[in-house]
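Here's the structure, in structure tokens; my notes come after.
The values are calculated or read from the model by the stated rules, or taken from the named source; none is laboratory data. The structure displayed is predicted, hence computed values, not measured ones. Every residue, glycine as well, gets a Cβ built from its backbone with ideal geometry; the counts of neighbours run over all protein chains shown. For the accessible areas, the whole protein counts, side chains as well, though only heavy atoms, and no ligand, DNA or RNA atoms are used. Shrake-Rupley method; radii C 1.70, N 1.55, O 1.52, S 1.80 Å.
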Amino acid sequence: MATTQATALKKFLMRHPLLTFVLMGASFLVFGLISLNLIYIFHANLELLLEHGQMALWDGGLQQLIELLVSGYLALMFYLLFKLCEKVLVDRVTERPYVSPDEDLPGA
């Protein structure tokens with residue numbers, strides 16, 4: 001049987017459900033804003049590169065492409081934070097309450 005270790009972040013989030021909910025909402029909004037902006041900028045970058053070719057690539061198209069990749073990974077980070085908060089809240093609602101291994105169990 002596999003046992004899972006809770007990370008410090010998960011322990012913190014399990015102890016603060018309201019903060020977890022707020023953090024989940026904020027990360028969802030930031031992920032959405034970055035993703036939406038990414039689509040528009042990527043579309044404009046692609047049109048520029050197709051229209052002007054290598055000249056556009058060296059005039060800033062390459063830098064913008066790299067920035068798009070960084071933005072994509074930033075959006076991914078906020079998505080993962082959203083999913084972590086979602087898992088913590090779903091586990092909290094559907095399973096028995098979280099007890100830290102550091103706390104004493106009643107009757108033990």
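As I understand it, the dipole of the stretch 54-97 uses +1 on the Cβ of Lys and Arg and -1 on the Cβ of Asp and Glu, about the Cα centre. Which of L80, Q64, V90 lies farthest toward its positive end?
Checked the options; the winner is V90.
Scaled to the compact-protein estimate 2.2 N^0.38 Å, what is the alpha-carbon radius of gyration of the stretch 14-55, rounded to two decimal places?
1.95
So with the 1.4 Å probe, I'd like the accessible area per residue for the stretch 1-98, rounded to whole Å².
Ligands and nucleic acids excluded, the figure is 77 Å² per residue.
How big, on average over all directions, is the shadow cast by the Cα convex hull of the stretch 1-99, in nm²?
Approximately 8.8 nm², given one-decimal rounding.
Evaluate the distance, in nm, between pseudo-label points positioned 7 Å from the Cα of M77 and of L19 along their respective Cα→Cβ axes.
2.0 nm
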